[in-house]
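Student: Here it is, the structure in full.
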Amino acid sequence: MKKVNYLVMGVAFLAISSMTSCSKDDDAELCHECHIALPDKSETQWEILNASGGEDFCEDELRDAESSSYVYTVTDTLYSSDGIPLLPGEYGPGSANSQYEIHCEDHGDHDY
């Protein structure tokens, strides 16, 4: 009888530990590259930088970039991969140029 109890406890312990080891790591930092997009037939894109000049938008900055009020200020002319210029100004859903959208890679792959 004692062997059965130890066996049951051992199986329960293994089951619980395997479920918790597969859960999402809450301390992992979530980062994605973002770009300005003009939704047209070709979806023209211009790469943008985060506040510190890097390519990845992380955590709060990523959440802000994907919000409906976000405005990205372009200070120097940007060029798409097709060579199409984007002049200095404000772009994004919260700007006067709201037809320009902000897209972040793996969009929808996070739980913000």
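Student: Kindly provide the set of residues from the stretch 46-70 that are within 16 Å of the chain's Cα centre (by Cα) and under 15 Å from Gln99 (Cβ atoms), ordered by number.
Tutor: Ser68, Tyr70
Student: Identify all residues within the stretch 72-92 that are part of a loop (DSSP other than H, G, I, E, B), surrounded by fewer than 17 Cβ atoms within 10 Å (Cβ to Cβ) and free of Cβ contacts under 8 Å to residues at least 40 places away in the same chain; write none if there are none. Before the answer, list the steps.
Tutor: Of all residues in the stretch 72-92, those part of a loop (DSSP other than H, G, I, E, B) come to 75-77, 80-84, 87-88, 92.
Among the residues that remain, those that are also surrounded by fewer than 17 Cβ atoms within 10 Å (Cβ to Cβ) are: 75-77, 81-84, 87-88.
Within the stretch 72-92, Thr75, Asp76, Thr77, Ser81, Gly83, Leu87, Pro88 qualify.
Student: Considering the stretch 34-91 alone, what residues qualify as being touching a strand residue (DSSP E or B) at 6+ places or on another chain (Cβ under 8 Å) and at positive phi?
Tutor: Passing the criteria: Glu43, Glu59, Gly89.
The rows are residues; the columns are (1) modelled with pLDDT under 95; (2) of a type in the set (A, V, I, L, M); (3) in contact with a helix residue (DSSP H, G or I) (Cβ under 6 Å, 6 or more places away or on another chain).
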{"site": "Ser42", "(1), (2), (3)": "yes, no, no"}
{"site": "Leu49", "(1), (2), (3)": "no, yes, no"}
{"site": "Leu62", "(1), (2), (3)": "no, yes, no"}
{"site": "Ser67", "(1), (2), (3)": "no, no, no"}
{"site": "Asp76", "(1), (2), (3)": "no, no, no"}
{"site": "Pro88", "(1), (2), (3)": "no, no, no"}
{"site": "Ala96", "(1), (2), (3)": "no, yes, no"}
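The values are calculated or read from the model by the stated rules, or taken from the named source; none is laboratory data. Because the structure is predicted, anything quoted here is derived from the model rather than measured. Virtual Cβ from ideal backbone geometry, glycine too; neighbours counted across all protein chains shown.
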